[in-house]
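Read the structure below first, then the notes.
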Amino acid sequence: MKRSSYYMDRLIDSIEMVAAVFVGIVAADIFFSVLLRYFFNVSIPDGYDFGRLLLGILIFWGIAATSYRGTHITVDLVWGVVGPRQKRAIDVFATLVLLFVVTVQTWTLFDKVRTTFADHVQTFDLNLPTWPFFAVAWAGDVSAVVLIAVRTYRLIVQPELIESQHYMKPVE
């Protein structure tokens, strides 16, 4: 394995690990919020705001985690009946479209981070600034763009790396 491929795989694994950590944080937030509310009739200050903001972070880091591996939900009606060359062309085209869409989404999310910072938007109870949450979500979106670009490059130049890594058995 080439050294650059090794480092790229480490980057991919690190981004997926960050996404997994945010899944755990959101699950813990929900668990403790429900536990405190049900047994002690107490709520976490800004619990709703934290839950909402953490869920946004989770969504964008989840996009990053699923974008490289191609483990998101797909509909492969045409792809399933064409030959290997056409499958590769469809994969490259679809990944380029995804790269464009997520890049535009990343640009607009950066604008949201900027305006939230400039407007001094804060949480309700603790008056904490919300822009850091948006910035972490934006970092997840940037990671998605990087991983989709890597996937596009590998689909064009090194398709065996994509095809051999993760074979997903279709549900029948």
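The label-point distance for K112 and N127, in a model that sets each label 7 Å from Cα toward Cβ, rounds to 2.6 nm.
Across the chain, C-alpha contacts under 8 Å between residues 6 or more apart give a mean separation that, scaled by the residue count, equals a relative contact order of 29 percent. Once the mean of 1/r is taken over each pair of separate Cα atoms and inverted, the stretch 36-115 shows a Kirkwood hydrodynamic radius of 16.1 Å.
Dipole size in debye (nearest 20) for the stretch 3-165 around its Cα centre, Lys and Arg Cβ +1, Asp and Glu Cβ -1?
440 debye
Building the convex hull from the alpha-carbon atoms of the stretch 3-165 and averaging its projection over directions returns 11.9 nm².
Annotation: the residues D119, D46, sorted from fewest to most other C-beta atoms within 10 Å of their own C-beta, follow the order D119, D46. Projecting the Cα atoms of L98, Y48, V26 onto the dipole axis of the stretch 1-133, where Lys and Arg carry +1 and Asp and Glu carry -1 at the beta carbon, places L98 farthest toward the positive end.
Bear in mind that the values in this text are calculations on the coordinates, not laboratory data. Please read these numbers as outputs of a predicted model, since none were measured by experiment. Every residue, glycine among them, receives a Cβ derived from its backbone with ideal geometry; neighbour counts consider all protein chains shown.
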